[in-house]
Amino acid sequence: MKSKEQDNILIIRLFPEEDIHERLKEACKKHSVITAVVLSGIGQVKHIQLGYFKEKGSYVVDTYHTPHELLSLSGNICHQGDEYLLHLHAVLGNAQKGTIGGHLVAGIVEVTNELVLLKTPIKITRKVEETTGLSGMYIE
């Protein structure tokens, strides 16, 4: 991973075999992120897990081992306690130019990932909500 920050914009380059979630957390720690918005994410990934929320207690996760183009990555990251919580959604393209998308549960870089984050001092936290069972975003 390589990263650089200027004017609250954080540019991150990930390399083959790096875990997207782990490296994003590492970059956030290195650059003292409080909260970040994912502005852009492109590249190619493999060993992908995409989630789809159906209803409380029912979250479907599908796994794709073949490489897919990372066409779009969006979401947010918050620092809570001693960890970074990532809420990421991805749109992926396959070799036949078909697309799939959902909550990015896991992914490994195949060739490269180029990510852009906007750092903000706005503090957000996540708490499990009784009605949905999901970790809702709360603005402090």
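Does Ser32 satisfy the criteria of being surrounded by fewer than 16 Cβ atoms within 10 Å (Cβ to Cβ), under 18 Å from Arg13 (Cα atoms), without any contact (Cβ under 8 Å) to a residue 24 or more places away in the chain and over 12 Å from the mean Cα position of the chain (by Cα)?
Considered against the rule, which asks whether it is surrounded by fewer than 16 Cβ atoms within 10 Å (Cβ to Cβ), under 18 Å from Arg13 (Cα atoms), without any contact (Cβ under 8 Å) to a residue 24 or more places away in the chain and over 12 Å from the mean Cα position of the chain (by Cα), Ser32 comes out as yes.
Could you list, in sequence order, all residues of the range 28-54 that are of a type in the set (Gly, Ala, Ser) and under 19 Å from Ser72 (Cα atoms)?
Ala36, Ser40, Gly41, Gly43, Gly51
Could you list, in sequence order, all residues of the range 68-83 that are surrounded by fewer than 18 Cβ atoms within 10 Å (Cβ to Cβ), over 15 Å from the mean Cα position of the chain (by Cα) and touching a residue at least 24 places away in the same chain (Cβ under 8 Å)?
Within the range 68-83, just Gln80 meets the criteria.
Against the definition (surrounded by 15 or more Cβ atoms within 10 Å (Cβ to Cβ), touching a helix residue (DSSP H, G or I) at 6+ places or on another chain (Cβ under 9 Å), in a strand (DSSP E or B) and not small (Gly, Ala, Ser)), how does Leu92 come out, yes or no?
no
In the range 109-123, what residues are buried (at least 19 other Cβ atoms within 10 Å of the Cβ) and more than 16 Å from Ala27 (Cα to Cα)?
Glu110
Taking the range 40-57, which residues are part of a strand (DSSP E or B), more than 23 Å from Leu115 (Cα to Cα) and touching a residue at least 60 places away in the same chain (Cβ under 8 Å)?
Hit for the range 40-57 is Phe53, nothing else.
Mind listing whichever residues of the range 1-29 are of a type in the set (Lys, Arg), more than 12 Å from Leu115 (Cβ to Cβ) and surrounded by 16 or more Cβ atoms within 10 Å (Cβ to Cβ)?
Correct list: Lys25 only.
Out of everything in the range 58-89 that is out of contact with any strand residue (DSSP E or B) (no Cβ under 6 Å at 6 or more places or on another chain) and assigned to a loop (DSSP other than H, G, I, E, B), what residue ends up being nearest to Ile124 (Cα to Cα)?
Restricting to residues being out of contact with any strand residue (DSSP E or B) (no Cβ under 6 Å at 6 or more places or on another chain) and assigned to a loop (DSSP other than H, G, I, E, B), the top hit is Gly81.
Which one is farthest from the chain's Cα centre (by Cα), of the residues in the range 95-108 that are surrounded by fewer than 14 Cβ atoms within 10 Å (Cβ to Cβ) and either on the phi < 0 side of the Ramachandran plot or of a type outside the set (Lys, Arg) (or both)?
Gln96
Quick note: the coordinates plus some simple rules give every number you see, no bench work behind them. Everything quoted here is computed from the prediction, not taken from an experiment. Cβ sites come from the backbone with ideal geometry, for glycine too, and all protein chains shown count toward neighbours.
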